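Following: one structure in structure tokens, then a few remarks.
The values are calculated or read from the model by the stated rules, or taken from the named source; none is laboratory data. Please read these numbers as outputs of a predicted model, since none were measured by experiment. Don't worry about glycine lacking a Cβ; one is built from the backbone with ideal geometry, like all the others, and counts go over all protein chains shown. Accessible surface is based on the protein model in full, side chains and every heavy atom, while ligands, DNA and RNA are left aside. Shrake-Rupley method; radii C 1.70, N 1.55, O 1.52, S 1.80 Å.
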Number of protein chains: 4
Amino acid sequence: MNPRNPSFAEDVARTFAKQPIMNLIGARLSLVEPGVVEITLPYRADLTQQHGYLHAGVVTTIADSACGYAAFTLMPAGSNVLSVEFKVNLLRPAQGVEFVTRAEVIRAGQTLTVVRADVFGIAKNEERELVATMQGTMICLHK
Amino acid sequence: MNPRNPSFAEDVARTFAKQPIMNLIGARLSLVEPGVVEITLPYRADLTQQHGYLHAGVVTTIADSACGYAAFTLMPAGSNVLSVEFKVNLLRPAQGVEFVTRAEVIRAGQTLTVVRADVFGIAKNEERELVATMQGTMICLHK
Amino acid sequence: MNPRNPSFAEDVARTFAKQPIMNLIGARLSLVEPGVVEITLPYRADLTQQHGYLHAGVVTTIADSACGYAAFTLMPAGSNVLSVEFKVNLLRPAQGVEFVTRAEVIRAGQTLTVVRADVFGIAKNEERELVATMQGTMICLHK
Amino acid sequence: MNPRNPSFAEDVARTFAKQPIMNLIGARLSLVEPGVVEITLPYRADLTQQHGYLHAGVVTTIADSACGYAAFTLMPAGSNVLSVEFKVNLLRPAQGVEFVTRAEVIRAGQTLTVVRADVFGIAKNEERELVATMQGTMICLHK
């Protein structure tokens with residue numbers, strides 16, 4: 001996929017840094033390529049639900065941000081991206097010392113971009129297990 | 001809808017208190033009835049995305065918890081509830097001094113319960129605007 | 001909701017008549033109001049799956065068309081409508097002598113419109129039971 | 001993925017033959033492997049919407065059946081499968097001389113199985129284009 005914005009990587013990093021929620025939960029950008037973005041989130045006890053697993057809303061928070069930025073890498077310079085909708089299937093209890101979500105653009109349109117994100121729990125021994133998968137739609141707001 | 005667990009309200013309150021993420025973001029239970037749960041979240045700048053709106057993942061966090069607890073009110077005593085999947089449509093920028101999500105059970109089955117949640121942004125003048133809507137499936141884990 | 005196209009009802013009826021699939025399965029428009037459309041489908045054995053219930057794809061076919069037309073009633077004259085995405089929860093076996101789907105617009109935007117549709121199975125004694133519910137996004141293609 | 005039902009392929013073929021809707025629209029099973037099923041549907045004008053593209057409901061019909069059978073290949077002998085929910089993103093106008101949907105199991109659980117299906121339009125020159133993608137949940141009813 002061909003980025004139309006030559007400084008897409010800097011622009012993703014810049015707007016990621018402006019998302020206070022990413023700072024609150026301790027998430028960081030770990031990969032930015034055309035149509036692909038990964039976000040990494042270390043486990044923290046204050047991000048969990050009643051059984052000690054990462055809350056589905058936190059799983060969604062990193063997956064949604066990764067989807068938005070993956071879409072954004074293919075948009076023209078100066079665009080804004082917003083989430084239209086997403087669907088998440090929770091496949092296993094979200095456990096691990098760290099979580100990584102990888103979002104990939106499936107279809108980049110002029111206005112709408114469809115993105116898929118997988119979320120993996122990483123165990124101490126570095127084994128990764130798919131814990132959730134998202135399919136969502138992002139919209140490009142042209143300036 | 002007829003609760004099979006006479007102490008459903010206490011049980012919801014008790015397990016809500018065990019969700020560390022609710023404490024982190026500052027959410028509180030504001031209504032618990034058979035098949036209906038509301039959660040209230042005051043606006044905080046550290047919960048936002050790059051435009052200052054509540055991040056879609058935080059919107060989802062409170063909607064998903066409300067859905068889970070709404071399903072839980074109708075489950076037998078001693079059950080556990082887990083989210084199977086949900087879909088969220090983001091309808092307007094999530095702005096307001098406070099957010100309220102109201103989840104209502106659409107169909108309570110033996111194993112699966114389908115729930116809908118609306119999320120409202122409340123303005124200073126107390127006007128409420130629908131900012132997102134969730135349709136999801138919860139599963140009952142019988143002890 | 002205020003229709004911007006004064007002849008929305010005729011336009012819905014005209015394009016509905018141009019959907020060959022509606023004719024194949026025997027569906028008919030049964031209500032057209034601003035932001036609301038109903039489609040009725042009599043039971044037919046050749047529309048079923050292996051247990052004799054209406055196939056989930058047929059349930060979706062009428063719900064999706066109703067959502068598209070409900071969105072269309074609020075679009076400017078001369079617009080086209082396309083489905084962007086939808087999510088369907090199947091709540092009960094789809095049985096009945098007739099099925100009715102009712103779609104209502106939740107949020108009509110300039111480009112995207114979010115619609116919800118319920119699908120009911122109607123028994124011989126005229127009792128109706130909710131068998132499925134759809135939440136979807138429609139896009140307006142301006143001519 | 002390891003099938004627990006040694007005659008899964010025959011069982012899929014047998015129950016597919018019992019879905020009258022597949023006969024009505026002219027769909028046929030084209031691949032059955034453990035966790036993977038493909039269904040092929042030749043274009044027919046009576047399956048289209050008002051622009052001559054395959055109706056989204058028909059796209060969904062074959063994708064949903066493929067998902068159900070893909071899940072079924074991994075279930076114990078004598079099980080029944082039902083669709084719990086699915087979400088479909090429509091990526092391009094569904095055009096082609098033939099359509100193929102390929103469903104693959106993402107996660108097979110004891111009760112619930114999550115499946116993804118892509119739907120391709122095949123042009124005269126045999127080029128295939130992704131027109132839709134489904135993410136859904138199937139439930140196993142143990143006899």
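Between exposed GluC sites (Glu not before Pro) in chain A, where DSSP calls loop and at most 13 other Cβ atoms lie within 10 Å, what's the longest gap?
Between the exposed loop sites, the longest stretch runs A:1-125.
Give the relative contact order (percent, whole number) for the stretch A:1-57; include only Cα pairs under 8 Å separated by 6+ residues.
For the stretch A:1-57, the relative contact order is 23 percent.
Kirkwood Rh over Cα pairs of the stretch D:61-143 into Stokes-Einstein at 25 °C, 0.890 mPa s: D in µm²/s? Display every interim value, and only then the final one.
Values: Rh = 13.1 Å.
Diffusion coefficient, whole number: 187 µm²/s.
Got a sec? Which residues in the stretch D:68-102 would a label at D:His142 touch, if it sits 7 Å along Cα→Cβ and we count backbone N under 18 Å?
Correct set: D:72-82.
Rounded, prolate or oblate: which one fits the stretch A:66-112, using the alpha carbon gyration tensor with axes a ≥ b ≥ c (rounded when a/c is under 1.5, else prolate when a/b beats b/c, else oblate)?
Verdict is prolate for the stretch A:66-112.
The protein assembly as shown: percent of C-alpha pairs farther apart than 44 Å?
12 percent
Given 25 °C and 0.890 mPa s, how large is the Stokes-Einstein diffusion coefficient of the stretch A:96-143 in µm²/s, with Rh as the Kirkwood radius over Cα pairs?
Estimated diffusion coefficient is 203 µm²/s.
Measure nothing fancy, just the Cα-based angle from helix B:56-72's long axis to the longest principal axis of chain B, in degrees from 0 to 90, nearest 10.
Between helix and principal axis, roughly 20 degrees.
Return one number: the angle in degrees, 0 to 90 and rounded to the nearest 10, between the long axis of the Cα atoms of helix A:8-17 and the longest principal axis of the Cα atoms of chain A.
50 degrees
In deg cm²/dmol, rounded to 500, what helix-only [θ] at 222 nm does the protein assembly as shown give when every DSSP H run of at least 4 residues adds -39500 (n - 2.57) and the total is split over its residues?
Helix contribution divided over all residues of the protein assembly as shown: -7000 deg cm²/dmol.
Which net charge results when you count Lys and Arg as +1 and Asp and Glu as -1 among the other residues whose beta-carbon is under 11 Å from that of A:Gly57?
Neighbourhood net charge equals -2.
Provide the net charge surrounding D:Asn23, with neighbours chosen by a C-beta distance below 15 Å and charges set as Lys +1, Arg +1, Asp -1, Glu -1.
That works out to +3.
Could you state the number of Å between the C-alpha centres of the stretch C:14-59 and the stretch A:75-143?
After rounding, the separation between the Cα centres reads 34 Å.
Determine the dipole magnitude for the protein assembly as shown: charges of +1 sit on the beta-carbon of Lys and Arg, -1 on that of Asp and Glu, nothing else is charged, the reference point is the Cα centre, and the result goes in debye to the nearest 20. The partial results should precede the final answer.
Values: 52 positive and 52 negative charges, 0 e Å.
Rounded to the nearest 20 debye, it is 0 debye.
Just want to confirm a number: the relative contact order over chain A, from Cα pairs under 8 angstrom separated by 6+ residues, in percent.
Relative contact order of chain A: 25 percent.
Given the Cα-Cα distance of D:Asn80 and D:Asp46 and 0.36 nm per residue of separation, how much length would full extension add, in nm? The partial results should precede the final answer.
Details: separation 34, 0.36 × 34 = 12.24 nm, distance 3.10 nm.
Extending this stretch completely gives an extra 9.1 nm.
So, in nm, how far is label B:Leu130 from label B:Leu31 when the simple model puts each one 7 Å beyond its Cα toward the Cβ?
1.5 nm
Give, rounded to the nearest 20 debye, the magnitude of the charge dipole that chain B has about its Cα centre when Lys and Arg contribute +1 at Cβ and Asp and Glu contribute -1 at Cβ.
Approximately 260 debye in magnitude.
Diagonalise the Cα gyration tensor of chain C and give the resulting equivalent ellipsoid semi-axes, square root of 5 times each eigenvalue, largest first, whole Å.
Gyration-tensor ellipsoid for chain C: 26, 15, 13 Å.
Can you give the net charge of the other residues whose Cβ lies under 13 Å from the Cβ of C:Glu129, counting K and R as +1 and D and E as -1?
Neighbourhood net charge equals 0.
Determine the total buried accessible area between chain B and chain A, counting protein heavy atoms only with a 1.4 Å probe; round to the nearest 100 Å².
On the way: alone 7560 and 7540 Å², together 12410 Å².
About 2700 Å² of accessible surface is lost on pairing.
If you roll a 1.4 Å probe over the stretch A:21-143 with all protein chains in place, what percent of the accessible area is carbon or sulfur? Don't jump to the answer; show the numbers that get you there.
Details: 1970 of 4140 Å².
In the stretch A:21-143, the share of accessible area belonging to carbon and sulfur is 48 percent.
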